[in-house]
Amino acid sequence: MRAGLRLLMTAAGLFASATAFVAQAAPESYRVEADLSSTEFAVTELGLTRQHGRFGRTEGSIVLDPQDRTGVIDLVVDATSVDTGWSVRDAWLRGEDMFDVARFPVMRFQSTQLVFNQETLIGISGLLLLRGVTRPIVLKIERMHCGVIPVSGREGCGAGASSTIKRSDFGLTYAMGLVGDDIELTFRVIAYRVPR
């Protein structure tokens, strides 16, 4: 009787430990904070200088499971928030010749595969939707850190990921002689963990 009770208690303890391990290893979900995140770009202008700009609002969701080396990332960029520091140029970028934000108000990146080095995320393959055209791109993680974010005291992650794309692949062919084809695109996000 006592042996059976001990066996039952041991089994219950093992089940509790296994349940705790599964819970600990479960994927974590994060919400990208639009007010704290942005998407930056850089392109050669007039063959002389490197022009920088940004989209001031990026939102979305991130799900990560480092132990299983899986996850899903979905980033939505407000194309109307483009800012290069010069309102005349920004108005042109929003117009039909370039981003045509009246018809295509968002740019979107959705992951298809996450690449890990052990439990560290180092790269992301996915699809970029820009100006109504979808193309595969690969993002390299520049930096990623998860923990307590000092300003808010909440758990979350901060990350930067970049890729070089050709704007002509997305139908952005206006002023090719004045503005370069290669665009360096960088997502800079802060995302808070979603409570389970």
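Yes/no per residue for (1) of a type in the set (S, T, N, Q); (2) surrounded by fewer than 18 Cβ atoms within 10 Å (Cβ to Cβ); (3) at pLDDT 95 or above:
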| position | (1), (2), (3) |
| --- | --- |
| 96 | no, yes, yes |
| 105 | no, yes, yes |
| 110 | yes, yes, yes |
| 114 | no, no, yes |
| 119 | no, yes, no |
| 136 | no, yes, yes |
| 140 | no, yes, yes |
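Which numbered condition trips up residue 192, out of (1) more than 21 Å from residue 58 (Cα to Cα); (2) modelled with pLDDT of 95 or more?
(1)
Kindly evaluate residue 179 against the criterion of being aliphatic (A, V, I, L, M), modelled with pLDDT under 95 and surrounded by fewer than 16 Cβ atoms within 10 Å (Cβ to Cβ).
It is false that residue 179 is aliphatic (A, V, I, L, M), modelled with pLDDT under 95 and surrounded by fewer than 16 Cβ atoms within 10 Å (Cβ to Cβ).
Quick check on residue 64: is it surrounded by 16 or more Cβ atoms within 10 Å (Cβ to Cβ) and not in a loop (DSSP other than H, G, I, E, B)?
Values: surrounded by 16 or more Cβ atoms within 10 Å (Cβ to Cβ): yes; not in a loop (DSSP other than H, G, I, E, B): yes.
In short, yes.
Being under 22 Å from residue 133 (Cα atoms), surrounded by 18 or more Cβ atoms within 10 Å (Cβ to Cβ) and small (Gly, Ala, Ser) is the requirement here; does residue 56 meet it? Quick ask: steps written out before the conclusion?
Numbers: under 22 Å from residue 133 (Cα atoms): yes; surrounded by 18 or more Cβ atoms within 10 Å (Cβ to Cβ): no; small (Gly, Ala, Ser): yes.
Considered against the rule, which asks whether it is under 22 Å from residue 133 (Cα atoms), surrounded by 18 or more Cβ atoms within 10 Å (Cβ to Cβ) and small (Gly, Ala, Ser), residue 56 comes out as no.
Would a scan of segment 73-93 turn up a residue that is under 12 Å from the mean Cα position of the chain (by Cα), acidic (Asp, Glu) and at pLDDT 95 or above?
Looking through segment 73-93, at least one residue is under 12 Å from the mean Cα position of the chain (by Cα), acidic (Asp, Glu) and at pLDDT 95 or above.
Kindly evaluate residue 115 against the criterion of being assigned to a strand (DSSP E or B), among the β-branched types (Val, Ile, Thr) and over 16 Å from the mean Cα position of the chain (by Cα).
No, not satisfied.
The values are calculated or read from the model by the stated rules, or taken from the named source; none is laboratory data. The shown structure was predicted, so the numbers you read here are calculated from the model rather than taken from an experiment. Neighbour counts run over all protein chains shown; Cβ positions are idealised from the backbone, glycine included.
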